[in-house]
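Input: a single structure, listed below in structure tokens.
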Amino acid sequence: MENGTVYNETTEPEAPAPRRRPFGCTVRHLWGWRLPAKVVQAIFSFVAVVCEEIVDDCISCSGLYFFEFISCSAFLLSLLILCVYCTDLYESLGKEKVQKL
């Protein structure tokens, strides 16, 4: 049998890999006032964590522990939001999953 009309080449030539940005960083999804607002939020929540850690002694520490939990959670969540929206992770997850997150 000849290798003619019956058998054709079935593989396509390999496409070149898309050019990636360094560390996958982009500000396309946080444009306008949203990016500076998230950066300021991360800075303020970090300052709150540092200020809470400066306290050496307290009489009623339950409020201080609650403040520590809230400020640390705000810091970690604002960093998560910045990482998701400013990297390629947004495209990897998809818009629907990011909104659910």
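Here are a few things to note about the model shown:
- If you sort Arg34, Arg28 by accessible surface, 1.4 Å probe, largest first, the order is Arg28, Arg34.
- In a fully extended conformation the segment linking Val40 and Ser60 would gain 4.2 nm over its present Cα-Cα distance, using 0.36 nm per residue.
- The portion of the accessible surface of segment 37-101 made up by carbon and sulfur, rounded to a whole percent, is 71 (1.4 Å probe; DNA, RNA and ligands excluded).
- A full extension of the chain between Leu76 and Lys97 corresponds to an added length of 5.6 nm, given 0.36 nm per residue minus the alpha carbon distance.
The values are calculated or read from the model by the stated rules, or taken from the named source; none is laboratory data. Values in this document were obtained by computation on a predicted structure and should not be read as measured data. SASA here: full protein model, heavy atoms, side chains in, ligands and nucleic acids out. Shrake-Rupley method; radii C 1.70, N 1.55, O 1.52, S 1.80 Å.
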